[in-house]
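Peer 1: One structure, pasted below without further comment.
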Amino acid sequence: MLFLWNFDIILVMRILGIDPGYGIIGFGVIENNGGNISVVDYGAVTTPKEMSLPQRLLAIEESFEAIMEEYKPDEVAIEELFFFRNLTTVIPVAEARGVILTTCFKKCKDVFEYTPLQIKQALTGNGRAEKKQVQFMVKNVLGLGAVPKPDDTADALAVAICHSQINSALNNNRV
């Protein structure tokens, strides 16, 4: 008697997407199950303006340690800093991004970066898409009733979706 087994192996990939900042940092956790993308959770880490920058950076580190521990992502995707009109803001955002990258990298060595152009292209097919178009696609791809708020959470989910659509095995955008 001959037995033939056909096992279709479907890898479930948990991805943490991050929209960096220092006042509001969006995060979104999704799962890609053989091309079916679903949302696990999303939210924002906020730091009060009254806190000094070192206090804010410590709060961000502690928050992302907790996020990494709770969701245990297989891969992390973060938006690259692209363009800032306000030079006073770019330095604290870059410092916060460094804290986020380091904290995530300690728990998950698979960290990837995407430009805003790449994220927009992956979600809408147009690298110059408007923010509302990206938010519309996040809502539809994840089957949500409304666009996640604040906008930073929708942006973080867009980063995660972008990463799920790009073959991470190529390691093109690995940090």
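The values are calculated or read from the model by the stated rules, or taken from the named source; none is laboratory data. From a predicted model like this one, the values you see are computed outputs, not experimental measurements. All Cβ positions, even for glycine, are placed from backbone atoms using ideal geometry, and neighbour counts span all protein chains on display.
Peer 1: Name every residue in the range 52-107 that is among the acidic types (Asp, Glu) and under 17 Å from ASP152 (Cβ atoms), in order of residue number.
Peer 2: Listed by number, the residues that qualify are GLU79, GLU80.
Peer 1: Continuing with the same structure: Since ARG56 meets every condition but one in (1) at pLDDT 95 or above; (2) basic (Lys, Arg); (3) more than 30 Å from LEU11 (Cα to Cα); (4) exposed (fewer than 13 other Cβ atoms within 10 Å of the Cβ), which condition does it not meet?
Peer 2: So ARG56 meets the others, but not (4).
Peer 1: List the pairs whose first member sits in the range 145-158 and is over 17 Å from TYR114 (Cβ atoms), whose second member is among the aromatic types (Phe, Trp, Tyr) and assigned to a helix (DSSP H, G or I), and whose Cβ atoms are under 9 Å apart, counting only residues at least 6 apart or on separate chains?
Peer 2: As it stands, the answer is VAL147/PHE136, since those pairs meet every condition given.
Peer 1: Sticking with this structure for a sec: (1) assigned to a helix (DSSP H, G or I); (2) at pLDDT below 95: which one isn't true of ASN172, the others all being true?
Peer 2: Just one mismatch for ASN172, condition (1).
Peer 1: Mind checking which pairs have a first residue in the range 96-121 that is in contact (Cβ under 8 Å) with a residue 12 or more places away in the chain and closer than 18 Å to PHE82 by Cα and a second that is surrounded by 20 or more Cβ atoms within 10 Å (Cβ to Cβ) and of a type in the set (Phe, Trp, Tyr), Cβ under 6 Å, 6 or more apart or different chains?
Peer 2: From the range 96-121, the pairs are ALA96/TYR22; ILE100/PHE64.
Peer 1: To continue, here is another question. Is it the case, given these coordinates, that GLU95 is of a type outside the set (A, V, I, L, M, F, W, C), surrounded by 14 or more Cβ atoms within 10 Å (Cβ to Cβ) and part of a strand (DSSP E or B)?
Peer 2: So GLU95 does not fit the description; no.
Peer 1: Restricting attention to the range 50-84, which residues are free of Cβ contacts under 8 Å to residues at least 60 places away in the same chain, in contact with a strand residue (DSSP E or B) (Cβ under 8 Å, 6 or more places away or on another chain) and within 12 Å of LEU16 (Cβ to Cβ)?
Peer 2: PHE64, ILE67, MET68, TYR71, LYS72, PRO73
Peer 1: In addition: VAL39 is checked against (1) aliphatic (A, V, I, L, M); (2) part of a strand (DSSP E or B); (3) modelled with pLDDT under 95 and fails just one. What number does that condition carry?
Peer 2: If we test VAL39 against (1) aliphatic (A, V, I, L, M); (2) part of a strand (DSSP E or B); (3) modelled with pLDDT under 95, just (3) comes out false.
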